[in-house]
1. Per the helix-only calculation at 222 nm, which mean residue ellipticity applies to the chain, given -39500 (n - 2.57) for every DSSP H run of n ≥ 4 and division by its residues, nearest 500 deg cm²/dmol?
2. Using mean Cβ contacts within 10 Å as the protection proxy, how do 72-80, 47-55, 102-110 order, highest first?
3. Checking the a/c ratio against 1.5 first, then a/b against b/c, what shape does the Cα gyration tensor give for the stretch 30-112?
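Every read-out reported here was derived from the displayed coordinates using simple, explicitly stated rules and does not represent laboratory data. Worth saying up front: this structure is predicted, and the values here are computed from it rather than measured. For neighbour counting, all protein chains shown are included, and Cβ atoms are generated from backbone atoms with ideal geometry for every residue, glycine included.
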Ligand code: HEC
């Protein structure tokens, strides 16, 4: 009986520590990264490669590829603001600042791959 109680306590402490660790590490993410994961990852994948069912279906390009990274910040901003084919327009849905953070996040994705 006593051992069971101790085991429950230990599991409780470990879980609490894990939750605390996870929430603190997600706060450390840049807001561009969080925005990308919530708004864009469904089609582009969290890593921007578009290797998710929706991305494959709609023809999303690998955002870390040279073709995309070779475009200027202004061009990427334009695509996100106005949309392009199946890519939705975010004008009015996201602020200019948020779109700027997303373009910075796309650059980060380019560096990683
Ligand atoms: C509904 C699915 C969908 C969502 C959500 C989505 N995209 Fe896209 N995106 C696409 C598709 C499909 C393309 C390819 C468009 C084309 O070239 O025909 C694309 C293209 C792009 C491009 C241009 C790449 C190129 O081909 O030159 C950028 C940049 C981009 N998306 C960024 C984003 C960002 C940032 C978000 C989140 C705010 C986002 N996308 C959300 C589907 C999506």
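1. Theoretical 222 nm ellipticity from helices: -19000 deg cm²/dmol.
2. 102-110, 47-55, 72-80
3. rounded
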